[in-house]
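Q: The following block contains the structure, expressed as structure tokens.
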Amino acid sequence: LKRSNGPLKAQRACSPPLGVSFAVLFYTPPPAMSSSVPRQSKQGKDQQTGQKGVVAMLQEFVQCSRHFVAQQHRPILQWTYDQRMANGTSLEFRATAAFVLDGVPHHVAGSWQPSKKVAQRDVAQRALTFFIGKWGEQLLAEETGKVKVPAAPEGGCDMRVLDDFCASYDACGGSRPKWSHSFDGGAYTGEVEVLLLEVPHKFAGTPQRSRTDAYADVARRVLWYFQCPGYQHIFAPDPQSPAAVGKDIPPPPMNWACSKEEVEELRRAERKTVLMRVQNRLQQELSKRLKPGEGVWEWTYEMNDEDSSVWPPLYRARVAVPVLGKAFVGDWARGQREAQIETSYLVAEFLDRSIGDTLAPSTCGESVADTDDSAERVGRWADLEVECA
């Protein structure tokens with residue numbers, strides 16, 4: 001976002017008020033939201049066809065945003081998925097849709113579903129129910145005077161202004177904001193969660209030198225998003241931001257839509273499925289270069305003979321990818337499978353770095369594990385209760 005030198009004309013007919021660096025909307029599993037989105041009811045249409053229309057309707061809704069034209073060849077809706085173990089043998093998926101609405105990146109998360117397709121439709125249905133149904137009704141009530149947007153109290157810090165605003169704003173239902181922050185590269189980024197029309201919303205600001213400045217920054221952005229009197233014109237969407245001109249919308253913080261309990265579930269699911277996922281990626285990337293019946297990788301193991309008193313013993317796995325002429329060696333782990341998992345993370349990281357490249361054969365030798373990587377795979381945001389000075 002950049003500062004606005006003149007009045008900001010909010011396009012409210014199609015979408016919510018303009019927002020912050022990114023506004024993330026998190027929908028908890030099923031909060032009994034009655035849908036106001038029309039469904040296909042024509043006889044002869046099966047359920048799958050009708051549900052696919054929900055995703056198309058969300059795309060059309062986003063396309064009616066009038067502040068920025070979507071970049072050519074960039075998907076209107078960009079999808080990512082979390083997965084967890086529903087039981088010992090099956091997975092559940094939660095979809096997140098990223099899109100730019102009136103120049104502001106939004107990330108909408110749904111509930112856990114048995115497949116990616118069902119999870120995708122769940123997100124689309126919830127987003128339309130909120131934006132067209134709940135938020136549309138709120139805007140209509142404000143414009144007709146049935147509900148008034150409270151004025152910002154004079155004086156006090158921006159955090160306290162937001163706290164008092166949410167307590168008196170009808171759409172927040174009297175709930176107050178929940179504050180947290182992250183620290184990276186010597187800078188603080190403030191985050192605040194607000195309950196808006198019974199739906200948790202998370203907002204983040206921009207990196208600041210101090211924690212106090214970070215909280216004040218995100219508070220101002222949320223007040224602008226709500227078009228709080230006195231804050232309507234302090235920001236404007238930046239047409240040159242990465243979300244506006246980049247190929248991909250910048251992602252939200254890791255595990256932003258997870259409770260603390262879910263983080264460990266996601267970690268277990270990731271470890272259980274990482275071998276299968278990495279092998280599938282290799283097969284897709286190298287499909288045109290593999291000979292019939294040729295394996296995509298070859299595993300060998302080294303056991304630590306000095307640690308034979310504990311079972312399972314320590315192993316270190318090495319995997320060679322002959323087509324690439326490259327090998328990877330992971331860290332020591334208890335048991336061959338755990339050692340495989342550690343090494344497969346190195347292969348996955350190599351593939352991530354090689355997206356868009358030709359994956360040409362390499363003679364650079366082996367990649368060795370960085371022992372700090374495993375701690376960074378599951379990110380968390382620090383929760384902190386703060387008060388205005």
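Q: Kindly state, to the nearest 0.05, the FRET efficiency for Lys288 paired with Lys116, given R0 = 25 Å and r defined as their beta-carbon distance.
A: Details: r = 26 Å, r/R0 = 1.02.
Approximately 0.45, to the nearest 0.05.
Q: Let me ask something else. Report, to the nearest whole %, how much of the accessible area of segment 147-287 belongs to carbon and sulfur atoms, 1.4 Å probe, protein only. Mind showing how you got there, number by number?
A: Values: 3200 of 6660 Å².
Here it works out to 48 percent.
Q: Going down the list Lys247/Lys272; Lys116/Lys326; Lys134/Lys178; Lys117/Lys247, which pairs span over 26 Å between their C-alpha atoms? Let's see the in-between values first.
A: Values: Lys247/Lys272 31 Å; Lys116/Lys326 33 Å; Lys134/Lys178 22 Å; Lys117/Lys247 23 Å.
Lys247/Lys272; Lys116/Lys326, as the Cα separations exceed 26 Å there.
Q: Right, another one. So what J values fall out for segment 324-334 if you push phi through Karplus, 6.51 cos²θ - 1.76 cosθ + 1.60 with θ = phi - 60°, rounded to Hz, Gly and Pro as x?
A: The phi angles translate into 8, x, 9, 10, 10, 10, x, 7, 5, 8, 7 Hz.
Q: Now a separate question. Rounded to the nearest whole Å², what accessible area per residue is found for segment 261-332 with the 1.4 Å probe? It would help to have the intermediate numbers written out before the result.
A: Working: 4350 Å² over 72 residues.
On a per-residue basis, segment 261-332 sits at 60 Å².
The values are calculated or read from the model by the stated rules, or taken from the named source; none is laboratory data. This is a predicted model, so every value here is computed, not measured. Using ideal geometry, Cβ is built from the backbone for each residue, glycine included, and neighbour counts are taken over all protein chains shown. Ligands, DNA and RNA are excluded from the accessible area calculation, which covers all protein heavy atoms including side chains. Shrake-Rupley method; radii C 1.70, N 1.55, O 1.52, S 1.80 Å.
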